[in-house]
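Reading through the structure tokens given below for one structure.
The values are calculated or read from the model by the stated rules, or taken from the named source; none is laboratory data. No experiment lies behind these values; they were computed from the predicted model shown. All Cβ positions, even for glycine, are placed from backbone atoms using ideal geometry, and neighbour counts span all protein chains on display. Surface areas here come from the heavy atoms of the whole protein model, side chains and all, with no ligands, DNA or RNA. Shrake-Rupley method; radii C 1.70, N 1.55, O 1.52, S 1.80 Å.
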Amino acid sequence: MKPARFDYHAPASVDEAITLLARYGGEAKLLAGGQSLVPLLNFRLSRPAALVDLNRVAGLAYIHESAGHVRIGAMTRQRAIEFSPVVRRRLPLLAEATTLVGHLPIRSRGTIGGSLAHADPSAEYPTALTALGGQVIVRGPRGERTLEAGELFQGYLTTTLAADEMLVEVRLPVMPDGAGFAFEEFSRRHGDFAIVGIAAIIVGRDGGHCASARLVTAGAGPVPVRLRAAEEILEREGLSDAAVEAAGHRAAELVDPPSDIHASADYRRNLTRVLTGRALRRAIMRLNTLNTLSPEAGERAG
């Protein structure tokens, strides 16, 4: 199929793009990488009056580290994030999550801002943003505002962005040195959206204890879900096999997933349990390896 008729604009600045959004009164769509929007247009599931193409807007593609954060421009391609030394060093969970996004052609065109604004709860970036405690910077005719992940995602494919606002930057605090991490997901075919995914970050302390844990789902509800009660088991009981098993069972109890043509709700709950265990075991293995290799660990051993 072909898209319904629409006006096309290619602004050269953020201000010009915002002016166009306001002009069309909610009937315009922003075009970033187009990996989600173009199929919707082709099937006529989306019929905007206009497309506002951001690919000629200067200054929206960058990766900078400053003041304990990594700042990523909304138009930064996923492929650039995948191979960024800054991201690999400071945000290894994001680097791992990026490798799970679709296929190479998708990552070559897709953008981080486009994925977050699309707000598919099965996608990797909304889950990573939540797990990393990140923020997005949003700009509109009334100025700029900063949103936490929980303030951005409202429901399935729905955000709190106004019709005349656009996401311009993602800010992520750097992960603690030596933190264990893992992003596990299950899909029917390589490159498909996850039926369920789990992001895990573990910060340890001496004696096999867990200083802090973060567990966040993908595909287990209309928005990414932080599994706080499962995290508390690890923070209270440590990182033993029994604690990991208990955290997995608690994670399955915390989600309220949908049933659809891909999987039943019960199947998704069981996947939540299984993938939580896998993610935690891999994160703990990395935590132990990193701490063994660190100079501080060597000094303690000596």
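Using the Cβ of Pro173 as centre and a radius below 15 Å, the other residues enclosed give a net charge of +1, where K and R count +1 and D and E count -1. Only alpha carbons enter this Debye calculation for the chain, each as an equal point scatterer, and the log10 of I(q)/I(0) it gives at q = 0.10, 0.11, 0.13, 0.16 Å⁻¹ is -0.56, -0.67, -0.91, -1.28.
Could you check how much of the accessible area of the range 129-231 is carbon and sulfur, as a whole percent, using a 1.4 Å probe? Write down the numbers at each step before the final one.
Numbers: 2000 of 4110 Å².
The value for the range 129-231 is 49 percent carbon and sulfur by accessible area.
Rg ratio for the range 6-83: its Cα radius of gyration over 2.2 N^0.38 Å, N being its residue count, equals 1.25.
Which of the peptides 170-177, 250-257, 239-246 is most tightly packed, and how do the rest follow, judged by the mean count of other Cβ atoms within 10 Å per residue? Please report the intermediate quantities before stating the final value.
Values: 170-177: 17.8, 250-257: 19.8, 239-246: 16.2.
Ranking the peptides 170-177, 250-257, 239-246 by packing returns 250-257, 170-177, 239-246.
Remark: the Cα gyration tensor places the range 137-189 in the oblate category, a/c being 1.5 or greater and a/b not exceeding b/c. Ligands, DNA and RNA are left out, and with a 1.4 angstrom probe the accessible area of the range 123-272 is 43 Å² per residue. A convex hull fitted to the Cα coordinates of the range 117-165 yields 63 cubic angstrom per residue. Summing +1 for each Lys or Arg and -1 for each Asp or Glu among the other residues whose beta-carbon sits under 14 angstrom from that of Arg89 gives -2. Placing unit charges on each Cβ (+1 for Lys and Arg, -1 for Asp and Glu) gives the range 187-243 a dipole about its Cα centre, and among Val225, Ile195, Gly238 the Cα reaching farthest toward its positive end belongs to Ile195.
Taking only the Cα atoms of the range 75-130, the radius of gyration and Dmax are 10.1, 27 Å.
Provide the net charge surrounding Ile233, with neighbours chosen by a C-beta distance below 12 Å and charges set as Lys +1, Arg +1, Asp -1, Glu -1. Walk me through the intermediate numbers first.
On the way: positive: Arg228, Arg236, Arg250; negative: Glu231, Glu232, Glu235, Glu237, Glu245, Glu253.
That sum, taken over residues with Cβ under 12 Å, equals -3.
To the nearest whole percent, what portion of all C-alpha pairs in the range 129-268 is separated by more than 23 angstrom?
On the way: 4322 of 9730 pairs.
Of all Cα-Cα pairs in the range 129-268, 44 percent lie more than 23 Å apart.
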